[in-house]
1. Which of the helices (runs of 4 or more DSSP H) found entirely inside segment 357-420 contain at least 1 residues meeting this: within 16 Å of ligand 2 (Cβ to nearest atom) and under 17 Å from Gln345 (Cα atoms)?
2. Pro49: in a loop (DSSP other than H, G, I, E, B), within 18 Å of Leu228 (Cβ to Cβ), within 16 Å of ligand 1 (Cβ to nearest atom) and touching a Gly at 6+ places or on another chain (Cβ under 9 Å), yes or no?
3. Please enumerate the residues belonging to segment 234-250 that are surrounded by fewer than 23 Cβ atoms within 10 Å (Cβ to Cβ) and either of a type outside the set (A, V, I, L, M, F, W, C) or closer than 20 Å to Arg384 by Cα (or both).
4. Here's a check for you: in segment 236-276, which residue that is out of contact with any Gly (no Cβ under 8 Å at 6 or more places or on another chain) and charged (D, E, K, R) is farthest from Met195 (Cα to Cα)?
5. What are the pairs with Cβ atoms under 8 angstrom where one residue, in segment 405-422, is over 17 Å from Asn322 (Cβ atoms) and the other, located anywhere, is surrounded by 20 or more Cβ atoms within 10 Å (Cβ to Cβ) and of a type in the set (S, T, N, Q)? Sequence gap at least six, or different chains.
6. Of all residues in segment 261-310, which are touching a strand residue (DSSP E or B) at 6+ places or on another chain (Cβ under 8 Å) and among the basic types (Lys, Arg)?
7. Quick one: how many residues across segment 84-113 are of a type in the set (S, T, N, Q) and within 14 Å of ligand 1 (Cβ to nearest atom)?
8. Just checking, does segment 119-131 include any residue being touching a Cys at 6+ places or on another chain (Cβ under 6 Å) and either assigned to a loop (DSSP other than H, G, I, E, B) or within 15 Å of ligand 1 (Cβ to nearest atom) (or both)?
Amino acid sequence: MKYDTSVIYQIYPLTFNDANKDGIGDINGIKEKLDYIKSLGVSFIWLCPPTQSPLKDNGYDVSDYYKINPIFGTNEDYDSLIKSANEKGIDVMMDLVMNHTSDKHEWFEKSIKRIKPFDEYYVWRKEPVPGFDSQFENTCWTYVEERGEYYLHQFSKHQPDVNWENPEILKEFRKIIEHWVAKGICGFRFDVVDMIGKQIDKGIKIDVDRSFELLRQLGEGIFTNNKLLTVGECWSTGRTQGAKYTSGENPVLSMVFNARYMFMHENGSRWNRKPLTIDSLVKYRDYMFAQNTILKHTHIPNFIENHDFARSVSRFWTDEDNIFEKSKLLLTIHFLKRGTSFIFQGQELGLPNAKYSSIHEINDVETQKVLTSETPENIFFGTRDNPRKPIPWNGDEFNKVIPTYKYGDRFIVKNEIVNLDSPLNFWKQLVLWKQQFSKLFANGKYELVMEEIAGTFSYTISNDAQELIVATSWFDSIKFDPNGFTKLFSQNFEDGLLNKYGIYIGIKNK
Ligand code: GLC
Ligand code: CA
């Protein structure tokens, strides 16, 4: 399928590019940058929800699924973006939030008043049911005086969970999907979609079989008939469980995001960064590598960044020395393998986390929950504001919602474009190799090499005709002999030594 070796570029509309310079990124801003996006080898763009929203969770609280948020532009601007993107060979995916809506959605306002047919659109109970929690707050059941009942919200109280046991909900979302498909959308990224199968009265948060069944009904006659690309965000589902959605005779999704590895390399967590060690690198390497074998028959979405995690160079390392080299090391390891490449805006620039002087600068709703329980240092490291900072096109950007961070001059897009050593230009090269050796990446045999040497993550990919080697060094200098390989690229490789942050990529014909 087309998407197997494709690149999908994720855009955070609020901070990507502001065409009318009112301090908020917009749809026309994305349109303006289509040539830039195209230059990254991208064939799909995925926009975080651009639909009407009070922005309590920056768009993941939708108050009208059919309307583009006026702060981003009009529905016509969006149609025109799809058209212009398509003309350049880029398809547009939509981010659809089906687990919850905004509390300002008409459905919720009417549900409170028990107006039919909306009265059972949400999860209302006389008493809170145990077994659930909220990602963003200390309670997940909020009482509404007017209705005399509690509603469930697994995120903020402004994001009431939708009641998927009500068949009307399925009909509503089928209608929404059909609407956007008719507008030219080529696929969807379904937000926290493994949560829709929740079994409230049994206290079951994640029920894979039930979510599978709901997705099947949702997609029947729509997903495959329209050849849609469907990507499920399934945080709580590990890689084998996740594969249930994508493999077998009747897969219900094209791909599933698994985030289990996001902090594995450092034994850390969102709010607690630990330095990368040789041991944690091994653990991480083995997990990442096993994806290729365990998920042999499914499409793997390769990603290490999105709008929900600290920037990758800042997760792996605490300082910004040699940052371009580090960034290329991460891009190499994560994208020179089988699967679809997902790249999040700014990742191609090697952007690090921002720096803050006060917790009051933070916008993100998730961070609010830990403002008093975590140290400022942990908060600044983990906050989702980091990846969401405005893209430094020229270095003079301004944003009303998420304050701009002044990245150094070397990260400014126009500077990276002309700097042959920039992560940006390296990324473009990676994409070309992926296309050039697509058969190797898709069906080759993957083998770890130099496993006995501490501090490397190295492997070969081979088929009958060719063999590709990716050798990397993360800590000290290691001996490396490119014996018989022709060099495609190297970094910090000299006199038979692959030095710290070293990369060697080579190819040989058999
Ligand atoms: C997903 C989104 C995240 C959002 C949450 C609630 O995890 O990626 O940004 O806050 O769902 O919708
Ligand atoms: Ca704007």
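The values are calculated or read from the model by the stated rules, or taken from the named source; none is laboratory data. The model shown is predicted, which means the values in this text are computed figures rather than measured ones. Please note: Cβ atoms are built from the backbone with ideal geometry, for glycine as well, and neighbour counts cover all protein chains shown.
1. Numbers: elements: 365-368, 376-382, 385-388, 413-418.
Correct list: 385-388.
2. Details: in a loop (DSSP other than H, G, I, E, B): yes; within 18 Å of Leu228 (Cβ to Cβ): yes; within 16 Å of ligand 1 (Cβ to nearest atom): yes; touching a Gly at 6+ places or on another chain (Cβ under 9 Å): yes.
Criteria met by Pro49.
3. The first filter runs over segment 234-250 and keeps only residues surrounded by fewer than 23 Cβ atoms within 10 Å (Cβ to Cβ), leaving 235-236, 238-241, 243-244, 246-250.
Result: Trp235, Ser236, Gly238, Arg239, Thr240, Gln241, Lys244, Thr246, Ser247, Gly248, Glu249, Asn250.
4. Checking each candidate, the answer is Glu266.
5. Asn415/Ser422
6. Arg285
7. Kept after step one, since they are of a type in the set (S, T, N, Q), are these residues of segment 84-113: 84, 86, 99, 101-102, 111.
Subsequent filtering for residues that are within 14 Å of ligand 1 (Cβ to nearest atom) retains 99, 101-102.
So the count comes out to 3.
8. Of all residues in segment 119-131, those touching a Cys at 6+ places or on another chain (Cβ under 6 Å) come to none.
Scanning segment 119-131 turns up no residue that is touching a Cys at 6+ places or on another chain (Cβ under 6 Å) and either assigned to a loop (DSSP other than H, G, I, E, B) or within 15 Å of ligand 1 (Cβ to nearest atom) (or both).
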